[in-house]
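Undergrad: After the structure tokens below, expect a handful of questions from me.
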Amino acid sequence: MILRRCMLFVIVLAGCGSNLVSAADPIRLWAGAAPGALGEADHDIPTITPYLPTADKVSGTSIVVCPGGGYGGLAPHEGEGYAKWLADNGVSAFVLKYRLGSKGYRHPIMLGDVSRAIRLVRSRAAEWKLDPQRVGVMGSSAGGHLASTAVTHFDTGKADATDVVEKQSSRPDFGVLCYAVISMEDGVTHGGSKANLLGKDPDPKLVELLSNEKQVTKNTPPCFVWSTQEDKAVPVTNSLRFVSALQQNGVAYDFHVYQKGPHGIGLSEGKNGAAAGEIHPWGKDLLFWMRQNSWLK
């Protein structure tokens, strides 16, 4: 009986093994109704769910995690799955539940949600023992598009705001883009993501604005970008274009194209040729890049 109780305690507190980190309760991005809310259902309430490292692993670095799902859903393995792994490696992760096109939302609602999440993490950095200058954003597929939007469409905050959260900058300190939708250009983009984000027959100016390879500037934060050559849903052209723009603007980046792997592989534990429990090499590459940039010890 004592052993069983100990095992349960360890699982809850994320002690004895990899990926046993538990989540705190979701936190609403706004205390009241979110701007532009269409109702009061769960999908109308954007939140972040914290996954925090144990005291012996905490690094002070944090990442807002944007799950993929074509702006129509939220894939758990690209949300909670990533967050537990990040926390196990010392990174405080905050899984964003952003509002979706499948529920009637369109741009700029999703950008507003991720921007608010970044501001909220910064505003509570002391409480969570975080460095407010080491707050990143990460996303896969359509979540990668949202992350790429965050690193190319941001502001420094409103100094005169009465809401302390809105005083914070929404600029991420770095971005992690996993097989990301980047462009809204037909033939390159993912059609479902585009329709859910912008609606049918969007204004060409809006397509241009949300083709984020065209929005990179010298102020875009450093990015870790990866994709696979085999990805049929979101062509690697998306990542190639974005990295080319980073290069042209003198923005630091790490870029990896892996030969094999279908779309949506996530950490690829025990799948797609990986041994059970084995993390795809992009995970090790990301941690190495973060250590190089002093975001991890």
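The values are calculated or read from the model by the stated rules, or taken from the named source; none is laboratory data. Keep in mind that what you see is a predicted model, and the values were worked out from it rather than measured. Quick reminder, even Gly has a Cβ in these numbers, built from the backbone with ideal geometry, and neighbours come from all protein chains shown.
Undergrad: In this structure, is Arg119 in contact (Cβ under 8 Å) with a residue 12 or more places away in the chain and in contact with a Gly (Cβ under 9 Å, 6 or more places away or on another chain)?
TA: Considered against the rule, which asks whether it is in contact (Cβ under 8 Å) with a residue 12 or more places away in the chain and in contact with a Gly (Cβ under 9 Å, 6 or more places away or on another chain), Arg119 comes out as yes.
Undergrad: Farther than 19 Å from Ile63 by Cα and of a type in the set (Phe, Trp, Tyr) - does that describe any residue in the range 105-124?
TA: Taking every residue of the range 105-124 in turn, at least one turns out to be farther than 19 Å from Ile63 by Cα and of a type in the set (Phe, Trp, Tyr).
Undergrad: Which of the residues that make up the range 268-295 are modelled with pLDDT of 95 or more and in a loop (DSSP other than H, G, I, E, B)?
TA: Selection gives Asn293, Ser294, Trp295.
Undergrad: Taking the condition of being crowded, with 22+ Cβ neighbours inside 10 Å and farther than 23 Å from Ala161 by Cα, how many residues in the range 101-129 meet it?
TA: Number satisfying all stated conditions: 2.
Undergrad: Here is a further query. For Thr47, state whether it is free of Cβ contacts under 8 Å to residues at least 60 places away in the same chain and under 20 Å from Arg119 (Cβ atoms).
TA: Yes; evaluated as a whole, the condition is true for this residue.
Undergrad: Scan the range 157-165 and give yes if some residue there is assigned to a helix (DSSP H, G or I) and either in contact with a helix residue (DSSP H, G or I) (Cβ under 8 Å, 6 or more places away or on another chain) or not basic (Lys, Arg) (or both), otherwise no.
TA: Taking every residue of the range 157-165 in turn, at least one turns out to be assigned to a helix (DSSP H, G or I) and either in contact with a helix residue (DSSP H, G or I) (Cβ under 8 Å, 6 or more places away or on another chain) or not basic (Lys, Arg) (or both).
Undergrad: Scan the range 54-71 and report the pairs whose first residue is more than 18 Å from Ala24 (Cα to Cα) and in contact (Cβ under 8 Å) with a residue 40 or more places away in the chain and whose second residue is of a type outside the set (Lys, Arg) and surrounded by fewer than 17 Cβ atoms within 10 Å (Cβ to Cβ), with Cβ atoms within less than 8 Å and a gap of 6+ or a chain change.
TA: Correct list of pairs: Tyr71/Ser102.
Undergrad: For the range 188-247, name all the residues that are assigned to a helix (DSSP H, G or I), over 21 Å from the mean Cα position of the chain (by Cα), more than 22 Å from Asp155 (Cβ to Cβ) and touching a residue at least 40 places away in the same chain (Cβ under 8 Å).
TA: None; the set is empty.
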